Amino acid sequence: MEKIMQNLPIHHPKNFQNGFDHDYFAYLRANKPIFKQEHVSYPDGYWNLVRHKDVAYVSRHYQLFSSRPNPFLDTGEGNDMDEAELEFLISLDPPDHTKMRKLINRGFTPRRIQDLEARIQEIVDGLIDKVAENKSCDMVSEIAVELPLQVIADLVGVPTEDRHYIFELTEATFGFDRTVSPEERHKAAAEMYAYADKMCEIRQDSPQNDLISVILHAEIDGEKLTQMQIDLFFMLLQNAGSETTRNLITSGTLALLNHPDQMEILQADETKIPQAIEELLRYVTPVMQFKRIATQDTTVADVEIKAGEPIVMWYPSANRDETVFENPNQLDVERAPSLHVAFGAGGPHFCLGASLARLELQIMFRELLTRFKGLELDAEQSKLPRVWSNLIDGLAKMPIRWDDITEKVPVPAVSAA
Ligand code: HEM
């Protein structure tokens, strides 16, 4: 088992083209829980963490491990977008991060998320009705991509007629498409900022009931977000909310198709779906890693780390840590509430959209499990193409077919369950 993945450095996207290599990471957890990897962009290489407790330690000690200049691990292929100078929320440390997150939280209240429930149900129903007659579709593009994109557009306030334009820009900026050049990425990012500027201009004197209006006018201790901060947040939200949720929908469905006994448990008792979503988040873990930089000489997992050295936290590995999860490779939709780190392992950057993602996923899986009859994968599983990324573990295409989709019956709201 002593190998470097496919003889490539661990951060190379090619390593993840057949999915996350859980056997290799189990070997690392047992034998090399912390190790250094060389990298063209980091002169002294970077450290890798694979155990749950070490990932949690680094996530929570933000004074020792900074998110500056950004938490993205370069692919080393020379075509990464240069986010170094960008003040994304996810790239800040407290106290700057705390200030910005407080302002943004004004527009991300539990109430505002709850208010989206009926709309999410409407979007899910619409997507399923649209494909129902065909008896087959590509689950990625026709179902999974559309839900989070539409929900974020609703939340933020992007009008229907502009949505596909914004979707295309989203795909071009962070979308893991190797054919998009750095110039095209920059151009798409600039168009996104210009679009957010325009939205703010319209809302400056006539606020609307949307997130952009709230964060544009939010003020704490006399401080407001700058136009650039709003633009960057607009872009981060599109990507953070859509590239992630879509992959839990597809890979989560695939996991259930591979475990019909688990699927039957949920079909027999829908009230188990919220708990099952947590297990699917653990089992699938769409975000593979984030990076931090040591702010001073310190120690992690009994190894000395020097100030300035990058350190990467592998979330799917932490989520299969046998010291935390019994039979970690088993999908068990009835698993007791778990300490999974799919949304981060605690600390200031814990996923801002976790409750929105959970709501979308609960509604989507309830409909998939109850309305589709004879659902199956319509392709050879080992040949399903994946996105080219070391950040997101996801399918690029997932052909599915089914015998029938039953008529929609009104269901109680998730919040009423
Ligand atoms: C299954 C879906 C999702 C997964 C697996 C996921 C995962 C993550 C992870 C791992 C982090 C970093 C945590 C850390 O560094 O400690 C994060 C941060 C973030 N997520 Fe999510 N996310 C999901 C959905 C969403 C949605 C729906 C939104 C918004 C609509 C969203 C917005 C964000 C933002 C803005 C941050 C940065 C927060 C900060 O830096 O303070 N995410 N997410």
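The values are calculated or read from the model by the stated rules, or taken from the named source; none is laboratory data. Computed from a predicted structure; not experimentally measured. Cβ sites come from the backbone with ideal geometry, for glycine too, and all protein chains shown count toward neighbours.
Descriptive notes on the structure:
- Looking across region 205-223, the residues that are more than 27 Å from the chain's Cα centre (by Cα) and part of a loop (DSSP other than H, G, I, E, B) come down to S206, P207, Q208, E219, D221, G222.
- Filter result for the condition that a residue is under 20 Å from the mean Cα position of the chain (by Cα), among the polar types (S, T, N, Q) and assigned to a helix (DSSP H, G or I), over S389, S355: S355
Okay, residues lined up against (1) more than 30 Å from L384 (Cβ to Cβ); (2) part of a helix (DSSP H, G or I):
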site: D125; (1), (2): no, yes
site: L147; (1), (2): no, yes
site: Q150; (1), (2): no, yes
site: V158; (1), (2): yes, no
site: A190; (1), (2): yes, yes
site: M199; (1), (2): yes, yes
site: R203; (1), (2): yes, yes
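- Test for L64: is it surrounded by 14 or more Cβ atoms within 10 Å (Cβ to Cβ), hydrophobic (A, V, I, L, M, F, W, C) and over 30 Å from T323 (Cβ atoms): no
- Qualifying residue in region 172-187 (condition: assigned to a helix (DSSP H, G or I), over 28 Å from M288 (Cβ atoms), under 21 Å from the mean Cα position of the chain (by Cα) and at pLDDT below 90): no
- Residue match in region 292-306 (condition: closer than 25 Å to R246 by Cα and either surrounded by 16 or more Cβ atoms within 10 Å (Cβ to Cβ) or without any contact (Cβ under 8 Å) to a residue 24 or more places away in the chain (or both)): no
- Here the condition is being away from the ligand (no atom under 11 Å from the Cβ) and closer than 17 Å to F343 by Cβ; of H97, H61, H52, it holds for H52 alone.
- Restricted to region 332-344, and to residues there that are surrounded by 20 or more Cβ atoms within 10 Å (Cβ to Cβ) and more than 6 Å from the ligand (Cβ to nearest atom), the residue that is farthest from A276 (Cα to Cα) is V341.
- Criterion: within 16 Å of the ligand (Cβ to nearest atom) and modelled with pLDDT under 95 - qualifying residue of A255, A218: A218
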